[in-house]
Each structure stands twice: as structure tokens, then as C-alpha cells.
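See structure below.
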Amino acid sequence: MSLTSTSFAQNLPQDFYYPQLAKEVLDKLSLYENVLVGGIYGCGIHTFLDCFTALAQQSPAFNSISILESTKPISSIKKTTGISGKKLVVIHTFEQIAHPNNYLEKLHRLRLPDPSLLTYLVISDHTVVTRPSQYFATTTAFFNYRFLVTPFDPALTHRMIEIDTQFFGWKVPKDLIDQIYTLSGGVQRLTKHICKLTHKNQSSIPSTEKILADPSIGFQLKMLTNILCQSPSPALHTLGITDHKGQIKSKLLQTYIQDHFRTDVANYFPTLSALEGNLFALLYQNLDSLITLDRIGDVMELLGHDFSPWAIYKLISRLKLKIAPQFTIKSFKSRGYLLSKALH
């Protein structure tokens, strides 16, 4: 069965999360208030946009709606100001903009002198949480409302699986849903593809190895790993990657990170201990970037190690000797460490 994401969005029950979010966002925009929607890709940002587009096109709140990629120059948006009546401009993939504060300032000035004639909906990725300073204009806050799309809780995951299986014709026994949630941590793309694999596996959840071999799942897990290694603990919790105890929600992500780290280490230093290997892999994930002591401690805890700053210092000292001369680790007193490839 070949179905577009738009047809899927149009068939969602109106009381489900994405149509409800679309309605709430449209209500705010109808007050001529700029809105920001962000979240990790793979958690339904595109489904939300499909739901919103269908809803907005039926709304009398705006005379025209333009949906543009962030790669479009300001001049493309400026052209919309020549359209009569109240206009809504939707800009997605905003995270790709090189100078976001200046960009938002230019958008702000296009609204003047009558903001009621031009309103913006901006859609972006996880950086709305990890780099919040990028989401302000230089002279104004710009956004009146901000919404975050996160992984689902068990109840919403259960509902989503029911919708997916009915829409795609998959057979996923209800007694497996809790296990699927444990694996996915509520991440929508992971949940969907685990269900698809379960259907293909005669309604039985495949082995972890087979799940990890799925390209779509691997893509999502790699993205989540990058976010996890480069973001502070509070941001990970806000994004829904970790729970209130600071533990990774997705069992699949836990396994992937360990395997991913082992692969990175094996490519360079197969004789490192597991502890040394995990630390090297974390530093390598942030190559040429300072990683703080707190961040090292947080990620090592996620990997099952309990560390004090002194323990990290001793481990770093041993690691420096073992990875030389290929790599160097520079220490920044009371701040953290930076891994670099040695110059030859």
C-alpha cells in the first residue's frame, strides 16, 4: 500500500494529538500572534504541518497562506506583502538559517506598520530547546507562543499504534504495545517502524539486531545519539529523550548508543577498556568542541557509570596516553575537555 503522509494526516481522528495541536496553533495565529513549533524530527513535525495546512486552508482567518522553506530568500516573503488582506507565512526547516536572529528581525520589519496583516508560523527542530537564543529577533522576542512536539507517553503511543495499524493494515497484537513503547520510548518514527517490522515478522517483535538493521530506525537513532551527546541534561528531559530521573526512555536508543560507541572505538583503539572506550567515543562525538565536566558526567551516567570530577580527571589522564599520538585531549580548568586529531 502506497499512501502519502498528507492522506495519513487527513485520516487522523480530529481528537488525536496532531489535529488538536494544529487547531491550537491556528487559534493563536488567528489572533495575529507569531508562533514557533519545534521538536525532534521523527516525532511528527511533518504530520503536524500536514494537519495544520489542511485546517488552515479551510479557515477564514487569512486571505492567503504561503508555505516556504527556510532556504527561500527574504525577498520571496516580501512578495507576499503585496497580496491584499490578512496573510499567513509558514516557514519550515528554520534551523538551516545561518543567521536566525537577523532573519527574524527582517521578518519583524516586514510586519510593520500593521502586524495584523502579516503573521508567521515558524517550524524548526530540537534547537528550539538546545539553542533558544537563536529564536529571538535582534530587537524583539518575535514569537508570542511556542509549542514543542515531543515523544508520546504510553497512552498516546497506544492510540497511535491503533491508528497506524488500522490505516496501514498491519497486525500488531495489543499485548505487544507496552513492549513496543519500551523499545521506542514513545519516539513516533521508532514506534511506527517497529510496528511495521512486527507485522512483517508474523505479528512478533523481531530481535533487537533486526530492528537496529532497519534503515529508518538507524537514521532516527543516529540523530537522537547526536542530540544526546551534544545537549545538556535539562534539554534532553524537555525534549522527551530522558525521563524525570535522567534515564534514556528508549531501550533501543540505549542499545544503539553502546553499539555506536563501541564501533567508534573499535575503528581506532580496540584495546581500550569499556570505560575508556565510552569516554573516548563521547569526546569523539564532540570532536574539536569543548565538552563540559557536567556533560561528561551526565552521559557517562546514562551509559551506566557513576563519576565524580576527580574520577573523570584520572580517566582522562589514562586515556591521553593511550590515544597518543593520533589524538590529543586539551584540558580547560574547571570547564571540561576538547579532543582533537593530532597534526602531523
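Would you kindly identify the strands (runs of 3 or more DSSP E) lying entirely within segment 1-102 that contain at least 1 residues that are closer than 30 Å to Trp170 by Cα and touching a residue at least 12 places away in the same chain (Cβ under 8 Å)? Please lay out each step first, then the result.
Details: elements: 35-39, 64-69, 87-92.
Result: 35-39.
Take residues that are farther than 20 Å from Gln220 by Cβ and touching a Ser or Thr at 6+ places or on another chain (Cβ under 9 Å) and tell me which of the helices (runs of 4 or more DSSP H) falling wholly in segment 230-339 contain 2 or more. Before the answer, list the steps.
Working: elements: 233-239, 251-268, 274-285, 293-302, 309-323.
Once the helices (runs of 4 or more DSSP H) in segment 230-339 are filtered for at least 2 residues that are farther than 20 Å from Gln220 by Cβ and touching a Ser or Thr at 6+ places or on another chain (Cβ under 9 Å), what remains is 293-302, 309-323.
Looking at this structure, is Ser124 within 19 Å of Leu29 (Cα to Cα), more than 28 Å from the chain's Cα centre (by Cα) and not basic (Lys, Arg)? Before the answer, list the steps.
Numbers: within 19 Å of Leu29 (Cα to Cα): yes; more than 28 Å from the chain's Cα centre (by Cα): no; not basic (Lys, Arg): yes.
So Ser124 fails the test.
Quick one: which of Phe280, Phe307 is without any contact (Cβ under 8 Å) to a residue 12 or more places away in the chain, under 26 Å from Ser250 (Cα atoms), among the aromatic types (Phe, Trp, Tyr) and in contact with a helix residue (DSSP H, G or I) (Cβ under 8 Å, 6 or more places away or on another chain)?
Result of the check over Phe280, Phe307: Phe307.
Would you be able to tell me the number of residues in segment 119-149 that are closer than 20 Å to Thr71 by Cβ and of a type in the set (A, V, I, L, M)?
5
Which condition breaks for Asp288 when tested against (1) surrounded by 18 or more Cβ atoms within 10 Å (Cβ to Cβ); (2) farther than 24 Å from Thr208 by Cβ?
Asp288 satisfies all of (1) surrounded by 18 or more Cβ atoms within 10 Å (Cβ to Cβ); (2) farther than 24 Å from Thr208 by Cβ except (1).
What's the number of the only condition in (1) over 12 Å from the mean Cα position of the chain (by Cα); (2) closer than 27 Å to Gly297 by Cα; (3) modelled with pLDDT under 95; (4) polar (S, T, N, Q) that Thr225 fails to meet?
(1)
For Leu293, all conditions in the list (1) under 22 Å from Ile329 (Cα atoms); (2) touching a residue at least 40 places away in the same chain (Cβ under 8 Å); (3) buried (at least 19 other Cβ atoms within 10 Å of the Cβ); (4) hydrophobic (A, V, I, L, M, F, W, C) hold save one; what is the number of the exception?
The single condition Leu293 does not satisfy is (3).
Quick one: how many residues across segment 79-112 are among the charged types (D, E, K, R), surrounded by 13 or more Cβ atoms within 10 Å (Cβ to Cβ) and farther than 23 Å from Ser133 by Cβ?
So the answer is 2.
For segment 123-144, enumerate the residues that are in a helix (DSSP H, G or I) and of a type in the set (A, V, I, L, M, F, W, C). Steps first, answer last, please.
Step one: filter segment 123-144 for residues in a helix (DSSP H, G or I), giving 127-130, 132-135.
Correct list: Val128, Val129.
The values are calculated or read from the model by the stated rules, or taken from the named source; none is laboratory data. Here the structure is a predicted model, which means the values were calculated and not measured. Using ideal geometry, Cβ is built from the backbone for each residue, glycine included, and neighbour counts are taken over all protein chains shown.
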